[in-house]
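The values are calculated or read from the model by the stated rules, or taken from the named source; none is laboratory data. Just so it is clear, the model here is predicted, and its values are computed rather than measured. Every residue, glycine among them, receives a Cβ derived from its backbone with ideal geometry; neighbour counts consider all protein chains shown. For accessibility, only protein heavy atoms count, side chains too; no ligands or nucleic acids. Shrake-Rupley method; radii C 1.70, N 1.55, O 1.52, S 1.80 Å.
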Amino acid sequence: MIGTAWSLLPPFVAISLALKTKEVYSSLFIGIILGAAQYCISVGSGLDGFLVHLTNHTVGSGANAKSYGMISCLSDPWNVGILVFLVILGAIVSLMNKAGGSAAFGRWASQHVKTKMGVQIATILLGILIFIDDYFNCLTVGSVMRPIAVRNGVTKEKLAYLIDSTAAPVCIISPISSWAAAVSGFVSGGENGLALFCKAIPFNFYAFFTIIFMFAIVWLGFDFKAMSKYDARLKEWFERTNGGKLDEVSDAKLQVVEHGVGAKNNKKHNTTNGSVFDLIVPIATLIVFCMAGMLYSGEFFDTGSKNHMDFVNAFAESNASVGLVIGSLFSFILTVMMFVSRKTLPFHDAMSCLIKGFEAMVPAILILTLAWTLKSMTDSLGAAEYVSGIVANSAAGLQQLLPAMIFIVAAFLAFATGTSWGTFGILIPICIAVFPASAPLRIISISACMAGAVCGDHISPISDTTIMASAGAECKHVHHVSSQLPYALTVATVSCLTFLVAGFAQGLGYVASAVVSWVAGLVFLAIALCMLKKMQKRY
């Protein structure tokens, strides 16, 4: 079974089970067991020693401990660094929530934003600003903008759409985010995962076009019928309440919900003591120190050494795993010192955020662990070499269609499973195995995988970010899913066509193919907006 079509059976079974059961954890685990069983049968472990070898290969003990298995994956320095970064990031997010910085920003925004368009633009900009993590984005933006939105005629359904569209799409194009760390973690073989992620950013059309599309519809005043009906309902409610002076969401709810516990239920600490300073400074320090950490790992600051690198080369050769841990750790320490010294948070409450941050990141850690282990099983079966051989012998025309095909497959998989990270873990290793490092289609295909996964996650009713966007806006979940679907599908169609152009333009080189694809994509997007604007007049 090694080096043959059978080597693809574990990821195929994992994908099929995920689509059928809508549960990614057990699906990945079954794929791991199946891969280990195939390996043991192939190397001829014998019936008597089958269970022993199966256990050793799965767990990562015995003769293969240094190569494959769960322990091997979790003891890899790169992987450990990614997990540590996620935990510290979760702690920083918890700190900012508990300090009440986002609630303070909401009070400030309510005094300065007075129009419907202004509220929508402010929501988008705040979502772009909070690019560190999609969970933090959904909860913070929703809590801050919810009372202001309804007061100025923006429906909860529209707010939920704006929140959801500035969560994952923004994080997937940010080099300093939990998503960048996760994607980098799926890149192995000594290759710089962060550098590959950064190269893929210009081709992540769905993320960029989603942001552009939001600004366009706000400026044009356009809404699909699925969304406009809620706008009409809100106008009717305003008329019944004498102009809408009474808000559906009371000011008492202007708080960040964290693990089901709001500020008003916390007797030890009241988040109304926080300020906008408590939101902006931790985010700024995290960005600055993470960049400095990556430059440090790339030997930028080692000026006295012959291995000293300039800024660009240091960033390209940096160890993202080490750099993100260094940056997030320094940021966490400074954030705690700032909150405690200013008496924004007691020291005990600040330290409790470590546990809450870890709890918030458990699902992400579990997905990464299982995905890494499944990849190690397929590696032991020689799946990468087998797939590479097939694609190398395939027709050039088929290869040019691959980015669009990968986008569709990734979107469908993420939609059915509700997780983009699980999709990354299954498809990115395959994309890396398909194309050699020098092939332009490698970057485009990886971008298509990331863009498709975010698209599927965006429209999936069982996605955690979709659910949290509904919760952040206090919108009925079924209303949010149905009302945002036309917007997401429009951008998905434009993105798929753009990836088709990118596949055929890849022979022009990295820069030229990106320029051609962007020009074509913007033309497609402009045509779609003009057509939709004309359609709006019909209803």
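Here are some notes:
- Candidate residues 359, 157: accessible-area rank, largest first, probe 1.4 Å: 359, 157
- Relative packing of peptides 158-168, 517-527, 440-450 - highest average C-beta neighbours within 10 Å first: 158-168, 440-450, 517-527
- Percent carbon-and-sulfur accessible area, segment 70-124, ignoring ligands, DNA and RNA, probe 1.4 Å: 70 percent
- Zero-based 10 Å bins, Cα pair distances in segment 466-539, whole percents: 18, 32, 28, 19, 4
- Greater than 29 Å apart at Cα, pairs in 476/533; 116/534; 20/356: 20/356
- Protection proxy ranking of 81-87, 421-427, 330-336, by the mean of other Cβ atoms within 10 Å over each peptide's residues and highest first, is 421-427, 81-87, 330-336.
- Loop-resident trypsin sites (Lys or Arg not before Pro) (DSSP state other than H, G, I, E or B) in segment 483-539 with no more than 13 further Cβ atoms inside 10 Å of their Cβ: 537, 538.
- The length gained on full extension between residue 25 and residue 115, counted as 0.36 nm times the residue separation minus their Cα-Cα distance, comes to 28.0 nm.
- Spin-label model distance (nm) - residue 288 vs residue 412, 7 Å beyond Cα toward Cβ: 4.8 nm
- Taken one residue at a time, the phi angles of segment 490-503 give Karplus couplings (6.51, -1.76, 1.60, θ = phi - 60°) of 4, 5, 5, 5, 4, 5, 4, 5, 5, 5, 5, 5, 4, x Hz. Gly and Pro are set to x.
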